[in-house]
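The values are calculated or read from the model by the stated rules, or taken from the named source; none is laboratory data. Because the structure is predicted, anything quoted here is derived from the model rather than measured. A quick note on method: Cβ atoms are made from the backbone with ideal geometry, for glycine too, and the neighbour counts reach across all protein chains shown. Remember, those area values only see protein heavy atoms, side chains included, never the ligands or the DNA or RNA. Shrake-Rupley method; radii C 1.70, N 1.55, O 1.52, S 1.80 Å.
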Amino acid sequence: MKYQIYSLHNYRKIPQIDKFSEQDLKNIDVVGHVLPFKTNNYVVDELIDWDNFHEDPIFILNFPQRGMLQPEDFKSMASVLERETDKVELKKAANVIRHKMNPHPAGQAHNVPELNGQKLPGIQHKYDETMLFFPTQGQTCHAYCTFCFRWPQFTGMDDLKFAMNQIDYVIAYLKAHPEITDILFTGGDPMVMKASILDAYITKLLDADLPNLQTIRIGSKSLSFWPYRYLTDSDADDVLRVFEKVTKAGKSLAFMAHFNHYRELETPALEKAVARIRATGAQIRTQSPLLNHINADSDVWSTMWRKQVKLGMIPYYMFIARDTGAQEYFGVSLTKAWEIFRGAYTKVSGISRTVRGPSMSCTPGKVRIVGVSEIKGEKVFVCEFIQGRNSDWVGQPFFAKYDPRALWMDDLKPAFGQEEFFFEEDLARMML
Ligand SMILES: *Cc1c(COP(=O)(O)O)cnc(C)c1O
Ligand code: SF4
């Protein structure tokens, strides 16, 4: 299958363009100047249901929607577009809006480690056991999700980009930190890399003497946006051989697949790609944020987990959409997130209950909403860390005042008249 990209500049060439109204086109043009917009022929021809595209979750996942900008931002960008054609000026106007959308959340700047006094900007190390690696060649994706908070990486705001190409530093860092058992290749999407580049990175890791390294993880949305990566791309077989190399070396390869809706699991191409990846000995775990307009419905989740299990994948995380980007459009309250999670979790067998959530990736760690309860007459959220900047915090229940409008950790206050949460003093010290 030939890979055809559609973006702001050529999307009017999609075969289904006659279905769009003038207003539809304008909305895409205006919002697409601010948020990243890229899709491809697989998404357009095999995933989107064009009979009902305005409500189609995959259409909303890839095509910019008017509601993703605040009305005043939409208006100002629209008027700039009417009078301005100069690219630099358009970018300036877009960057003003982008900066309002908080592109650098969760104290990420604090996670950039150092080795011998040198900053390593292509690495993040927040939790003891797992290090993130952003290979330079993997900082784009086969299509862009409209909810994505990583858009600084795609829109040319270079100073906010985390990337580097020096695997040697990664190896030196791993040797200096024997507590790390997992390295996660992330992006963008590392599976946009050529097999030869992935092979170079992986081979160096495997050849280095790293007895503590157990698992190589690859975080990728390629199975939903371009399953032909594993079927018909010219280096599809080579990529599978790289995966095999990992499992044959006695390490585990965890393919962390992003799916947002069960519709992404229904094509023959997807089924074949999953089977080929599994045949290399890799395990596929799945994760997704909970998104209004796309999957804010427990039936969507239970169906998605069941289909994943049927295809041999392991449900792993449900995330709460973070406080960046078009959060007003995609955001789901913590109460509703818990109800949706529970509604889905109670409808699947224990085999699917490997999934954990709903979870917020925030500055102190991954905080899960365990539930809503009432203790001594006070209604509370029961929370727990499933990952913590300090691993001692993990698994200790703590309580926040119930607030039906709370969307994110910042909105939560300690329950029972406490001044602060149990981890806050410790956290403040760590963030100095
Ligand atoms: C989620 C996450 C990880 C991995 O955590 P696991 O619980 O091991 O899956 C690592 N680093 C960061 C920054 C994360 O958000
Ligand atoms: S595939 Fe991942 S990194 Fe790429 S746009 Fe989607 S969420 Fe962002």
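Before moving on, here are some points about what is shown:
- Annotation note: of 269, 275, the sole residue that is of a type in the set (Gly, Ala, Ser), in a helix (DSSP H, G or I) and free of Cβ contacts under 8 Å to residues at least 40 places away in the same chain is 275.
- Search result, residues across the range 218-258 that are away from ligand 1 (no atom under 16 Å from the Cβ) and not in a helix (DSSP H, G or I): 226, 231, 232, 233, 234, 235, 249, 250
- Among residues of the range 412-432, those that are at pLDDT below 95 and under 26 Å from residue 326 (Cα atoms), counted: 0
- Test: residue 364 is open to solvent by 50 Å² or more (accessible area, probe 1.4 Å), in contact (Cβ under 8 Å) with a residue 60 or more places away in the chain and outside the structural domain of residue 147 (by TED's automatic domain parsing): no
- Filtered residue count, the range 270-294, keeping only those that are buried (at least 18 other Cβ atoms within 10 Å of the Cβ), hydrophobic (A, V, I, L, M, F, W, C) and within 30 Å of residue 203 (Cβ to Cβ): 6
- Answer from 403, 426 - the residue that is in a loop (DSSP other than H, G, I, E, B) and over 28 Å from residue 307 (Cα atoms): 403
- Among the residues of the range 195-217, those that are open to solvent by 40 Å² or more (accessible area, probe 1.4 Å) and in a helix (DSSP H, G or I) comprise 196, 197, 199, 200, 204, 207.
- Here residue 376 meets the list (1) over 30 Å from residue 129 (Cα atoms); (2) crowded, with 18+ Cβ neighbours inside 10 Å almost entirely, failing just condition (2).
- Here the range 295-333 is the region considered, the condition is being β-branched (Val, Ile, Thr) and within 16 Å of ligand 1 (Cβ to nearest atom), and the residue that is surrounded by the most Cβ atoms within 10 Å (Cβ to Cβ) is 320.
- Of the residues examined, residue 49 is not one that is modelled with pLDDT of 95 or more, of a type in the set (D, E, K, R), open to solvent by less than 10 Å² (accessible area, probe 1.4 Å) and farther than 10 Å from residue 30 by Cβ.
- Filter result (surrounded by fewer than 21 Cβ atoms within 10 Å (Cβ to Cβ), at pLDDT below 60 and either of a type in the set (Phe, Trp, Tyr) or not in a loop (DSSP other than H, G, I, E, B) (or both)) within the range 129-165: 158, 159, 160, 164
- Boolean, residue 289 is in contact (Cβ under 8 Å) with a residue 60 or more places away in the chain and within 16 Å of ligand 1 (Cβ to nearest atom): yes
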